[in-house]
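S.K.: Please read through the structure below; I'll follow up with questions.
The values are calculated or read from the model by the stated rules, or taken from the named source; none is laboratory data. Since the structure is predicted, the reported quantities are computational estimates derived from the model, not experimental observations. Cβ: placed from backbone, ideal geometry, glycine included. Neighbour counts: every protein chain shown. The area values use the complete protein model at the heavy-atom level, side chains included, leaving out ligands, DNA and RNA. Shrake-Rupley method; radii C 1.70, N 1.55, O 1.52, S 1.80 Å.
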Amino acid sequence: MDLLVTTKFRAQFIRNSHRLLVAAFLAIAGPAEAHDFWIEPQVFQPKPGSAVPIRLLVGQDFKGDSVPYFPQKFERYIVAGPAGTRPIPGVLGDEPAGTVTPAAPGLYVIGLHTKPDSVSFDTPEEFEKYLLKEGLERNLALHQQRKKPGKKIEETYFRCAKSLIAASSPPDTAADQVLGFPLELIAETNPYRTPKLRLRLLYQSKPLSGALVVAFNKAEPLAKLKARTDDNGHAEFTLPRSGVWLVTSVHMIPAPFLSGFDWKSLWASLTFERP
């Protein structure tokens with residue numbers, strides 16, 4: 001009887017684990033259905049020494065599905081603070097997806113760079129609508145040249161998400177850190193100190209110009225603030241209200257020859273709380 005119970009328990013555990021892994025894979029995948037991927041700490045302004053659960057979310061307009069801790073899909077998952085940078089540990093399937101504990105006062109940067117996923121578009125028209133929605137108009141001309149009637153359009157993509165948390169009251173000099181992600185939003189002003197947000201967008205560690213940057217508040221997710229980066233990769237916003245903010249940007253390039261894909265995109269995000 002004990003052997004039968006153990007066998008049934010193991011079978012149920014395997015089935016549950018499989019469902020969990022599939023759910024995590026689907027949650028991270030699919031920019032065509034869920035455009036935003038962001039990091040949302042349980043508390044953005046914790047006391048030093050307190051544990052902060054971290055949620056990974058995918059969806060739209062600050063509404064999304066939670067992604068469990070799934071290291072098979074993580075390229076880098078780290079926290080950087082006054083004492084340096086370290087990986088964020090976790091157990092497969094955990095949700096929230098790990099915990100960070102700021103040991104001392106200061107500004108901490110949580111970052112996740114995912115491994116590649118893919119999506120396909122059945123028609124050129126579907127892909128064109130997607131480009132326009134994400135502010136990728138500069139890819140339209142090349143798409144028109146490359147499209148082949150009756151052939152699906154294949155895209156590979158990466159997520160590059162960051163979040164800023166302030167333990168206690170960080171000094172005016174506290175700043176975001178460059179994590180070296182392929183596409184990265186960097187707050188050059190401290191959003192915990194001023195409503196004037198100055199950002200820089202880097203692609204492969206160099207300023208990216210002409211990219212659409214979108215910022216919105218969790219309480220009013222449809223009230224989008226939009227700006228294009230200048231020649232130095234800068235974009236600026238005056239944040240009109242307090243609360244949790246999400247900033248996003250997307251960059252797309254033709255995929256490498258013989259990769260099996262037509263396009264490669266990178267999705268950057270940054271969350272923080274304006275006091």
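S.K.: If only one of ASP262, ASP230 is without any contact (Cβ under 8 Å) to a residue 60 or more places away in the chain and of a type in the set (D, E, K, R), which one is it? Break it down into steps so the answer makes sense when it comes.
M.R.: Working: ASP262 fails: without any contact (Cβ under 8 Å) to a residue 60 or more places away in the chain.
Criteria check complete, one pass: ASP230.
S.K.: Select from segment 234-246 the residues that are in a strand (DSSP E or B) and not aromatic (Phe, Trp, Tyr) and write down the one among them that is surrounded by the fewest Cβ atoms within 10 Å (Cβ to Cβ).
M.R.: Residues of segment 234-246 in a strand (DSSP E or B): 234-238, 243-246.
Checking the rest, the ones that are also not aromatic (Phe, Trp, Tyr) come to 234-236, 238, 243-244, 246.
Values: HIS234: 17, ALA235: 23, GLU236: 14, THR238: 9, GLY243: 13, VAL244: 18, LEU246: 23.
Applying the filter and picking the extreme gives THR238.
S.K.: A follow-up question, please. Answer with yes or no whether LEU131 is closer than 28 Å to VAL213 by Cβ and either at pLDDT 95 or above or in a loop (DSSP other than H, G, I, E, B) (or both). Let's see the steps before the verdict.
M.R.: On the way: closer than 28 Å to VAL213 by Cβ: yes; either at pLDDT 95 or above or in a loop (DSSP other than H, G, I, E, B) (or both): no.
Against the criterion (closer than 28 Å to VAL213 by Cβ and either at pLDDT 95 or above or in a loop (DSSP other than H, G, I, E, B) (or both)), LEU131 does not qualify.
S.K.: For segment 247-265, which positions are of a type in the set (S, T, N, Q) and open to solvent by 10 Å² or more (accessible area, probe 1.4 Å)?
M.R.: Result: THR248, SER259.
S.K.: Now a separate question. Which condition from (1) under 21 Å from GLU134 (Cβ atoms); (2) open to solvent by 10 Å² or more (accessible area, probe 1.4 Å); (3) in a loop (DSSP other than H, G, I, E, B) is the one that PHE181 breaks?
M.R.: Among (1) under 21 Å from GLU134 (Cβ atoms); (2) open to solvent by 10 Å² or more (accessible area, probe 1.4 Å); (3) in a loop (DSSP other than H, G, I, E, B), the lone unmet condition for PHE181 is (2).
S.K.: Take segment 58-82 and flag every residue that is farther than 13 Å from ALA166 by Cα, crowded, with 18+ Cβ neighbours inside 10 Å and among the small types (Gly, Ala, Ser).
M.R.: GLY64 - this is the single residue of segment 58-82 that is farther than 13 Å from ALA166 by Cα, crowded, with 18+ Cβ neighbours inside 10 Å and among the small types (Gly, Ala, Ser).
S.K.: Within segment 34-57, which residues are in a strand (DSSP E or B) and either modelled with pLDDT under 95 or surrounded by fewer than 19 Cβ atoms within 10 Å (Cβ to Cβ) (or both)?
M.R.: Listed by number, the residues that qualify are ASP36, PRO53, ARG55.
S.K.: Next question, about the same structure. Can you say whether LEU197 is crowded, with 20+ Cβ neighbours inside 10 Å, at pLDDT 95 or above, within 18 Å of SER242 (Cβ to Cβ) and in contact with a strand residue (DSSP E or B) (Cβ under 7 Å, 6 or more places away or on another chain), as far as the supplied structure shows?
M.R.: Numbers: crowded, with 20+ Cβ neighbours inside 10 Å: yes; at pLDDT 95 or above: yes; within 18 Å of SER242 (Cβ to Cβ): yes; in contact with a strand residue (DSSP E or B) (Cβ under 7 Å, 6 or more places away or on another chain): yes.
Against the criterion (crowded, with 20+ Cβ neighbours inside 10 Å, at pLDDT 95 or above, within 18 Å of SER242 (Cβ to Cβ) and in contact with a strand residue (DSSP E or B) (Cβ under 7 Å, 6 or more places away or on another chain)), LEU197 qualifies.
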